[in-house]
Amino acid sequence: MSLVLETKNIDKHFYKPKDFHVLKDISFGIKEGEFVSIVGKSGCGKSTLLYILSTMDTEYTGELFLKEQLITGKSHEELSRIRNRNIGFVFQFHYLLTEFSVIENVMLPAKKLAEKSPKEIEQDAREKLEMLHIGHLAEQRASRISGGEKQRVAIARALINNPTILMGDEPTGNLDSHNSENVFSIFKRLSVDQGLSLLIVTHDNDFAQRTDRIIEMEDGSIIS
Ligand SMILES: Nc1ncnc2c1ncn2[C@@H]1O[C@H](COP(=O)(O)OP(=O)(O)OP(=O)(O)O)[C@@H](O)[C@H]1O
Ligand SMILES: [Mg+2]
């Protein structure tokens, strides 16, 4: 099966306040439909790695491929387009625009991509909300829904452009066990039913154990 995402020998240093070798020779691949978790102690480099994989950080050596296309070295504009079309993100905190309605929040990345009419985008957004069982909240202000609902809105927003891979930096880190379980099942369903690839950083061992594969990091390296 083809690789949706692949890294070859990624290395990164932070030079301030002093030279710090934060990522060391990171090489791995993720297949279509694979649900992978990244675990490791605080400070081992997980978020730094995700930032590179999401094409936001270009200060590294080595190579990053998305759908077998070399991403490393592309211009800022190309990266922005590739990112919008292929990568969905979910963070620990939802980062919804609280003054806007739920559906407006979900529509934003598609409006930015500007490949569909506002009507089509709205239709897509409703479908995503319904898939996540929050269709009834579409017109609600994003500030007036629960934490678990906000995180599902954030997932709907991450899915609006039908990405090839969904990345998350502790997406359940701020949720109680019931809502974490809910998010896990949503992710699992997306990988099994829709062939979506997922790469999720988590501190939750239960969560990690139930993914297809665990990547364990220590001091900037993959150790298993
Ligand atoms: N901009 C920066 N400049 C210098 N050092 C940094 C910078 N950002 C992060 N670091 C350091 O790099 C290391 C890795 O940070 P990173 O945020 O990737 O860790 P993490 O594995 O995500 O940790 P956590 O589980 O706490 O989120 C840490 O030691 C951190 O202090
Ligand atoms: Mg982190």
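Since every read-out is calculated from the coordinates, none of them should be taken as a lab result. Given the structure is predicted, the values throughout are model-derived calculations rather than measurements. No Cβ is skipped: glycine too gets one built from the backbone with ideal geometry, and neighbour counts run over all protein chains shown.
Under a Cβ-only charge scheme (Lys and Arg +1, Asp and Glu -1), can you give me the dipole magnitude of segment 73-224 about the Cα centre, in debye to the nearest 20?
Using only the charged Cβ atoms, the result is roughly 540 debye.
What net charge is computed for the residues neighbouring Ser75, neighbours being all others with C-beta under 14 Å from the C-beta of Ser75, Lys and Arg scored +1, Asp and Glu -1?
Values: positive: Lys74, Arg81, Arg83; negative: Glu77, Glu78.
Net local charge, Ser75 excluded: +1.
Apply the a/c threshold of 1.5 to the C-alpha gyration tensor of segment 119-182 and tell me whether it is rounded, prolate or oblate. Mind dumping the intermediate values first?
On the way: a/c = 2.19, a/b = 1.26, b/c = 1.74.
Oblate.
Decide, for segment 165-224, between rounded, prolate and oblate: order the square roots of the alpha carbon gyration tensor eigenvalues as a ≥ b ≥ c, take rounded if a/c falls under 1.5, and otherwise choose prolate if a/b is larger than b/c, else oblate.
oblate
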